[in-house]
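Asker: Got a structure here, written out as C-alpha cells. Questions coming.
Bear in mind that the values in this text are calculations on the coordinates, not laboratory data. Note that this is a predicted model, so its numbers are computed, not measured. No Cβ is skipped: glycine too gets one built from the backbone with ideal geometry, and neighbour counts run over all protein chains shown.
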C-alpha cells in the first residue's frame, strides 16, 4: 500500500511540475483521472482515465515521468482515441507516438531513450504516418497477405478485448511509452464520440490560451493541431464520401433518421439507390506502386459492394487506353495494369464518349502528372492521387497524405 501511495504521489508531483513549467500539457492532464493498473506495460489512456503501471513509473526519473505524462495526454488532445477506425491498433499506436514525440522534445521535455522518433515523420499526422508505413511494407504473397489480414482482424478485435479487470487490453508497441485506447463506448448516460471530441477540442483551446498567457506555448503546437484536424478524414473515408455524393438519393419516412430519434424528433432518412455504370481509370505510367494499387483495389471493391453499380468499366491507360475490362453487377473486380509510357487523361474521356457511356462516377488512380483535356465532362470525376498536384476539375483524394 505504501508503494502504491508513493507512486501516486510521484505522479501528482509530476502533474504539478508540468502545470508550472509546461502549462499546456499540465492543464490538460487534469482532465484525466489516474488509476493504477498492473495489467498494462507502461501507461494508457482512453481520453477519460490515465492508467499506469507502478513498475514502469518506478523506472522513470522525475523529468522523464513528466515527459511521459505529457506524451500520454497528447493522445486525446490530438483525438487519437477517436480516430483509429479499422486500423491495426498496434501500428496505429506507433504512428501516434511518431507524431507526438517530436513535439514534446521540441518543447524541452524529457522522454525515455528508446521512444519512437523518425525525422521523416516530423510535422506529419498519425494518419499520414500510418499510411506511409503501411505503403512501405514489403509486398507479400497471397498466402502471406491472407495471414496478415487474419492477424490484422485479430488485432482489431483485440482493441475491444477486456483484461481481468474488465478494462480494454493494450497492444504493446516497440519503443512505446504510453498507449492510446479507443474512446469508451457510449451508453445511456455516456457522452457520444462527437461530444467527447468536442470536449477535448475545447480543452485544448483553453490549454493553449493558458500557455499563451504564461508565455510558454510549445513550439510547433499550432501547426500540429491544425494538421491533426485536417487529417481526421483519411483517403478511404474521403473517397467513400465523395463517391457517395454522386449516387442518386431520396428521402423516405420508412427509414427515419436515427441521428435525431433520441431527441424525439422524427425526420426522413436518406435512401440511396444503386449506381448505374461507373468507370475506373488506372494510370499505368509507373506512378502507382503495387502496394498503393492493392490498397486502392480493396477500397474500390468495398465501395462497389455497397453501391451495387450495374456495370464497372476499368480503363488501363498511359498516353492511350491500352485495355478495358468490364464487370457486370456482382462480379469480383481485379486490377491488372498494362502500359508504361507517358500520361494523358484525355483518351480515357474519349473512350467513354465513343462507347456512349455516361458514368455515374469516374475515378482515376494516378499521380496527376499528365495532360488534361481542355474541358470537364458532364459527370463527376474523382482523382485518387498518389502525388501532390491538383486537377483542373473534379475532386482530388490525396492518397499519399491520409
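Asker: If you count, for each residue, the other Cβ atoms within 10 Å and average over each peptide, how do 28-39, 310-321 line up from highest to lowest?
Answerer: 310-321, 28-39
Asker: Among 328-335, 54-61, how do they line up by average Cβ neighbours within 10 Å per residue, starting with the highest?
Answerer: Numbers: 328-335: 11.2, 54-61: 15.0.
For the peptides 328-335, 54-61, the packing ranking is 54-61, 328-335.
Asker: Related question: Which whole number in µm²/s is D for the range 38-98 by Stokes-Einstein, with the Kirkwood Rh taken over Cα pairs at 20 °C and 1.002 mPa s? Don't skip to the end; give the middle numbers.
Answerer: Working: Rh = 12.4 Å.
The Stokes-Einstein estimate is 173 µm²/s.
Asker: Among 281-287, 386-392, 352-358, how do they line up from the highest to the lowest mean number of other beta-carbon atoms within 10 Å? Kindly include the intermediate steps, with their values, before the conclusion.
Answerer: Details: 281-287: 22.1, 386-392: 14.4, 352-358: 12.6.
Result, highest mean Cβ count within 10 Å first: 281-287, 386-392, 352-358.
Asker: Sticking with this one: Could you tell me whether the range 1-84 comes out rounded, prolate or oblate from its Cα gyration tensor? Rule is a ≥ b ≥ c as square roots of the eigenvalues, rounded for a/c under 1.5, then prolate if a/b exceeds b/c, otherwise oblate.
Answerer: oblate
Asker: Here is a further query. Return 200, 351, 243, 92 ranked ascending by Cβ neighbour count within 10 Å, so the fewest neighbours appear first.
Answerer: Values: 200 21, 351 18, 243 24, 92 27.
Fewest-to-most Cβ neighbours within 10 Å comes out as 351, 200, 243, 92.
Asker: Which log10 I(q)/I(0) values, to two decimals, does the range 282-402 give at q = 0.09, 0.12, 0.13, 0.22 Å⁻¹ under the Debye formula with one point per Cα?
Answerer: The Debye formula, applied to the Cα set alone, gives -0.22, -0.40, -0.47, -1.57.
Asker: What nm value, rounded to one decimal, do you get for the distance between residue 310 and residue 333 when each label is placed 7 Å out toward the C-beta?
Answerer: Result for the modelled spin labels: 1.8 nm.
Asker: If each of residue 293 and residue 38 carries a label point 7 Å out from its Cα toward its Cβ, how far apart are those two points in nm?
Answerer: 5.4
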